[in-house]
Amino acid sequence: MILKHVEHLLVQDQLTTIRRSGISSTDFRAGMIEIGRLMSYVFADTLEKEKLTVKTPLGISEGIKIKDKKDIVVINVLRAAIPLVDGILRVFTESKCGVVGAWREDIPPFKVNLNYARIPHVENKIVIIADPMLATGNTLNAILNEIKNQGIPKRIVLFNVIASREGIEKVSRHHNDLEIYTCAIDNEVNSDGYIVPGLGDAGDISFGKPHEK
């Protein structure tokens, strides 16, 4: 597994804003859109590229082309991920989109019900799953199983806002090929299956490094 703690200053500023108690739904949505957009810029640096030349009005210039740009599939985990996906699609405008409807029961062992899945062709594609919270890991494991039932992606990536150590470790046991991009890692999941904020340091968890192209 590859784990990337997105520490970009603008991302962390937006994260601090949306975590504040009493934030309005309008401001929360705007913050989530911005986080999705900024995380996409960070992730874009890992995509494959090629050098080329381009004819300008005054001559020939060197440039680059992102080879993977048309091979991205974004999976929207309803409903929490809608504004996050909005931000992602502002960067990866040529992406195909899929939708997964999943809900987790409120009592242990927090069984997941996946009642709707509309997923485009994923074979040899870069699949980005947008899901703001990774708590117990049960929901993400179910979604990953569903995606892999339909094909083997070239890369499979989670865009996540807040993750728990427990969730990261559980998913890594079942889907070691996953890349996780998260803005915060918190230490504790309470008895109700919710992430409890803390002062965790992502440096204690290391599953690999992001792709470098």
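Over 14 Å apart: what share of the alpha carbon pairs of the range 16-97 falls there, rounded to a whole percent? When all Cα pairs of the range 16-97 are counted, 70 percent exceed 14 Å. Projected label points at residue 53 and residue 149, each 7 Å from Cα along the beta carbon direction, are separated by 5.2 nanometres.
Using Cβ point charges alone (K and R +1, D and E -1), the dipole size of the range 1-137 about the Cα centre works out to roughly 260 debye.
The alpha-carbon positions of the range 92-157 define a convex hull whose volume is 89 Å³ per residue. Compactness ratio for the chain: Cα radius of gyration over 2.2 N^0.38 Å (N = residue count) comes to 1.05. About its Cα centre, the range 97-195 has a charge dipole of approximately 400 debye under the convention of +1 per Lys or Arg Cβ and -1 per Asp or Glu Cβ, with nothing else charged. Expressed as a whole percent, the proportion of Cα-Cα pairs in the range 57-128 lying more than 19 Å apart is 51%. Full extension of the segment from residue 66 to residue 44, taken as 0.36 nm per residue of separation minus the current Cα-Cα distance, would add 7.0 nm.
A 1.4 Å probe run over the protein chains yields, for the chain, 54 Å² of accessible area per residue, whole-number rounding. Taking amide H positions as modeled 1.01 Å from N, with prolines and chain starts lacking one, the residues under 5 Å from residue 180 and 5 or more places away or on another chain are 2, 3, 4, 158. My understanding is that a pair violates if its Cα-Cα distance is over 30 Å; which of 4/148; 51/125; 67/170 do that in this structure? Exceeds cut-off: 67/170.
Between residue 8 and residue 21, the contour length at 0.36 nm per residue exceeds the alpha carbon distance by 2.4 nm.
The values are calculated or read from the model by the stated rules, or taken from the named source; none is laboratory data. None of the values given here were measured: they were computed from a predicted structure. FYI the Cβ positions are ideal-geometry reconstructions off the backbone, even for glycines, and counts take in every protein chain you see. To get the accessible areas, we keep the full protein, side chains included, count just its heavy atoms, and leave off ligands, DNA and RNA. Shrake-Rupley method; radii C 1.70, N 1.55, O 1.52, S 1.80 Å.
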